[in-house]
Amino acid sequence: MNRLRLFKFRIGESSPKFLFMFLIFLILVMELIIMFAFDILDYKNYFINASIDATLLVIMITPFLYYFFYKPSIKYVRNTKKVEERLQDERLLLRTVIDNIPYSIYGKDISGRKTLANFMELKYLGAKSEEEILGKTDFDFYPKEIAEAFFNDDKFVIQTGKAVINREEYLIDKKGDKKVLLTSKVPLKDEYGNIKGIVGIGHDITERKRVEESLQKLNLAISNSQEIIFMTDNDGIFTFVNPTFTKIYGFTEEEVVGKTTPRILNSGFFTKEDFKSFWDKIPSKQSVPKTEYRNKCKDGKLIDIEGSVDPIINANGDLIGFLGIHRDITKRKLAEETIRESEEKFKNAFQYSAIGIALISPAGKWLKVNLKVCEMVGYSEEELLSLTFQDITHPDDLTTDLDFVKQLLAGEIETYSMEKRYLHKQGDIIWVLLSVSLVRDKDGAPLFFISQIRDVTDRKRAEKEIQETNEELIKINNEKDKFFSIIAHDLKSPFNSIVGFSELLLEQIKANDYDEIEKHTEIILQSSQTAMDLLKNLMEWSQSQTGRLDFNPEFFELVEVIKDVERLLIGVAEQKSIKILKTLPSNAPIIADKDMISTILRNLVSNAIKFTNTGGKITIAAQDYQNKLTISVHDTGIGIPPEAIDKLFNIDSKHSTYGTQNEKGTGLGLILCKEFVEKHGGKIWVESEEGNGSTFYFTLPHVVK
């Protein structure tokens, strides 16, 4: 068949050599036919002639047989080898292409067993060579659900003979990565048209799917974004607007796309110079930073916009337009204006508040203060901001204040209030009522203290004055009570004695009992003297307390007053054989109230006589030292117990004891002495040891040289 085809090909060739040979061949054939015809006629020599003719025929047609049959056959064999070699090369080339193409190519028989797999397919299967996968199915390589999906597709192609084109399939490779393949499967048929398997090709579109999903998300984000997003070409003509654009500006997409941005959005607030600056940046591929605009909507309403513009650059680096992102900040601007007004009001309320308000750091540094705080403490705002609250807090109040601060920082308390003292810049003490709270950030870290400071100096001064007045009233009331108690008690005793002994004296006069009359007369005299002393002290003390006792300083000689007191009391001292000694300077001129000084000395010497035993001594001394005159009255009497010393000069705990001969004291003498000494600006005190006598001292200033 092939030879005939080659023969036909040879005959069909329009070669002069071939035509010449063909004509000769026809002549020889005709000659042989004639020869055989003559040989048949010469039947006697038929076999000989036929043999000769046959030999001649073979000789004659041999070249033709060689040319027409043998030579083409040899050439055919040679051509067949070349074709096979070429087919082998083509098969190798095809396999090389199949193995290196970036698609997965595979073959399966009708049972789903692998018959072919290129390198990409082997990679998905996790195999190193084709021999590892031949004869195996997808169930040997993939999870069941994936393998079943592949098998169902294969079965559909084999059963229907229809190809599956560009179907997306999912697989998990040996690394565990999920891949998306765009797969096509076609039936594989033999020469009789019977389906003997399938051939599949898969394209990894995982990255493309990821990009598509990203683009889909981006498109969804742009569509659902609350930002105004639009794009234009290089001339500023809209090419895209998102739904928010149409919603806020009121234009439909058809009304905007194809129009220029200034014509659509120009409100008149965006000047030509602004547009020029804008267009100078965009062609140079510069971004226009976020800026606030005022744009016009379709209905003419003006809205505040915060927007930025960025150039759109293609893969070749060419500018193809710009992307604009706007945000409607109208509400925010209104809120900012409201906040600004509120802040202004707060600032005024803060600055001009009737009470002091301050912000203080957790470390105690003044951060912000109003005018009232500056007014209270005498510092300017700049001066205070360089200090801490510790710097101007009174030392006696600082520990308490810091303890409260620690509790506030630790979260143990939320606020605290206390009265404390600040040190005024001029050195004065300022009393304030302080209320403090702590402001923290969202994470609970302390930011600053808010301190409200109310000046209560006047109130504290008034309270102190009220307290002092109350104390004075209490003292006066106590003294009044004591005064009446003394009158009721101390006057009662001597007058009872006078009355009682007067009655006895009357009876004894009637009985002429002169010894007893003398004794009782002495007692009456002593009681009368005691009553007189008491009345005199009471009168002087009451005059002193009510302010009716005048303080009349005058110039006089102290030594002479001391001698006068001695002459007044010498008789009482001699009754107990007590000596009165004096250690005095030759003169001691002073300026003082002479009556008061006399009363002081009389009471001190009288007490010394009362508490000194018979035969004792009393020494009156005066000494000038550091512009002060110190007078002392020392006795050798019974002394004073330590617990009684503090009560001697206090009317609230009036101390009165009997003398060595049961002399009764008034209880007011030393109290009166203390008040008179203090009126002169002096001081009175006592030194005593029980059983060893006592020494009373008092000082007088303003010594005259």
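The values are calculated or read from the model by the stated rules, or taken from the named source; none is laboratory data. If you're wondering where the values come from, they're calculated on a predicted model, not measured in any experiment. Here the Cβ is made from the backbone with ideal geometry for all residues, glycine too, and neighbour counts use every protein chain on show. These accessible areas exclude ligands, DNA and RNA; they are computed on the full protein's heavy atoms, side chains included. Shrake-Rupley method; radii C 1.70, N 1.55, O 1.52, S 1.80 Å.
To keep it simple, each residue is scored yes or no on (1) of a type in the set (S, T, N, Q); (2) within 30 Å of Ile313 (Cβ to Cβ); (3) crowded, with 18+ Cβ neighbours inside 10 Å.
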{"residue": "Ala163", "(1), (2), (3)": "no, no, no"}
{"residue": "Leu171", "(1), (2), (3)": "no, no, yes"}
{"residue": "Gln216", "(1), (2), (3)": "yes, yes, no"}
{"residue": "Asp235", "(1), (2), (3)": "no, yes, no"}
{"residue": "Asn242", "(1), (2), (3)": "yes, yes, yes"}
{"residue": "Phe245", "(1), (2), (3)": "no, yes, yes"}
{"residue": "Phe251", "(1), (2), (3)": "no, yes, yes"}
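Name every residue in region 459-485 that is at pLDDT below 70 and surrounded by fewer than 12 Cβ atoms within 10 Å (Cβ to Cβ), in order of residue number.
Phe484 - this is the single residue of region 459-485 that is at pLDDT below 70 and surrounded by fewer than 12 Cβ atoms within 10 Å (Cβ to Cβ).
When you check Ser417 against the structure, is it under 28 Å from Leu384 (Cβ atoms), open to solvent by less than 60 Å² (accessible area, probe 1.4 Å) and either in contact (Cβ under 8 Å) with a residue 60 or more places away in the chain or of a type outside the set (A, V, I, L, M) (or both), yes or no?
Answer is no for this residue.
With the checklist (1) open to solvent by 60 Å² or more (accessible area, probe 1.4 Å); (2) hydrophobic (A, V, I, L, M, F, W, C); (3) under 28 Å from Lys464 (Cβ atoms); (4) outside any strand (DSSP E or B) in hand, flag the one item Trp431 doesn't pass.
Of (1) open to solvent by 60 Å² or more (accessible area, probe 1.4 Å); (2) hydrophobic (A, V, I, L, M, F, W, C); (3) under 28 Å from Lys464 (Cβ atoms); (4) outside any strand (DSSP E or B), only one is false for Trp431: (4).
Would you please name the residue that is nearest to Asp138 (Cα to Cα), looking only at residues in region 173-206 that are among the hydrophobic types (A, V, I, L, M, F, W, C) and surrounded by fewer than 17 Cβ atoms within 10 Å (Cβ to Cβ)?
That would be Val186.
Being more than 14 Å from Gly639 (Cβ to Cβ), open to solvent by less than 10 Å² (accessible area, probe 1.4 Å) and either under 60 Å from the mean Cα position of the chain (by Cα) or β-branched (Val, Ile, Thr) (or both) is the filter here, so list the residues in region 600-617 that pass it.
Of everything in region 600-617, those that are more than 14 Å from Gly639 (Cβ to Cβ), open to solvent by less than 10 Å² (accessible area, probe 1.4 Å) and either under 60 Å from the mean Cα position of the chain (by Cα) or β-branched (Val, Ile, Thr) (or both) turn out to be Ile600, Val605, Ile609.
Give me the residue from region 298-333 that is charged (D, E, K, R) and not in a loop (DSSP other than H, G, I, E, B) and, out of that set, surrounded by the fewest Cβ atoms within 10 Å (Cβ to Cβ).
Lys331
For region 207-237, what are the residues that are β-branched (Val, Ile, Thr) and either out of contact with any strand residue (DSSP E or B) (no Cβ under 8 Å at 6 or more places or on another chain) or assigned to a helix (DSSP H, G or I) (or both)?
Those that are β-branched (Val, Ile, Thr) and either out of contact with any strand residue (DSSP E or B) (no Cβ under 8 Å at 6 or more places or on another chain) or assigned to a helix (DSSP H, G or I) (or both): Val211, Ile222.
Under 9 Å between Cβ atoms, at least 6 apart or on separate chains: pull out the pairs that start in region 184-208 with a residue that is touching a residue at least 12 places away in the same chain (Cβ under 8 Å) and end on any residue that is of a type in the set (Phe, Trp, Tyr) and surrounded by fewer than 17 Cβ atoms within 10 Å (Cβ to Cβ).
What qualifies is Lys185/Phe156.
Can you tell me which residue is farthest from Ile430 (Cα to Cα) among those in region 392-411 that are open to solvent by 60 Å² or more (accessible area, probe 1.4 Å) and either among the hydrophobic types (A, V, I, L, M, F, W, C) or outside any helix (DSSP H, G or I) (or both)?
The residue in question is Ala410.
Spot the failing condition for Ala358; the list is (1) touching an Asp or Glu at 6+ places or on another chain (Cβ under 7 Å); (2) not in a helix (DSSP H, G or I), and only one is missed.
The single condition Ala358 does not satisfy is (1).
Return only the number of the condition from (1) among the β-branched types (Val, Ile, Thr); (2) modelled with pLDDT under 90; (3) within 22 Å of Lys582 (Cβ to Cβ); (4) in a loop (DSSP other than H, G, I, E, B) that Thr599 does not satisfy.
Evaluating Thr599 over (1) among the β-branched types (Val, Ile, Thr); (2) modelled with pLDDT under 90; (3) within 22 Å of Lys582 (Cβ to Cβ); (4) in a loop (DSSP other than H, G, I, E, B) leaves (4) as the failure.
Quick one: is Glu336 in a helix (DSSP H, G or I), under 20 Å from Thr457 (Cβ atoms), open to solvent by 70 Å² or more (accessible area, probe 1.4 Å) and modelled with pLDDT under 95?
Working: in a helix (DSSP H, G or I): yes; under 20 Å from Thr457 (Cβ atoms): no; open to solvent by 70 Å² or more (accessible area, probe 1.4 Å): yes; modelled with pLDDT under 95: yes.
The answer is no for Glu336.
Of all strands (runs of 3 or more DSSP E) completely enclosed by region 86-182, which ones contain at least 2 residues that are at pLDDT below 85 and not hydroxyl-bearing (Ser, Thr, Tyr)?
164-172
Considering only region 361-391, state which residues are out of contact with any Gly (no Cβ under 7 Å at 6 or more places or on another chain), part of a loop (DSSP other than H, G, I, E, B) and surrounded by 14 or more Cβ atoms within 10 Å (Cβ to Cβ).
Ser361, Pro362, Gly364, Gly378, Tyr379, Leu387 - these are the residues of region 361-391 that are out of contact with any Gly (no Cβ under 7 Å at 6 or more places or on another chain), part of a loop (DSSP other than H, G, I, E, B) and surrounded by 14 or more Cβ atoms within 10 Å (Cβ to Cβ).
Yes/no matrix, rows are residues, columns are (1) modelled with pLDDT of 85 or more; (2) under 18 Å from Val241 (Cα atoms):
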| position | (1), (2) |
| --- | --- |
| Ile264 | no, yes |
| Lys281 | no, no |
| Pro289 | no, no |
| Asp328 | yes, yes |
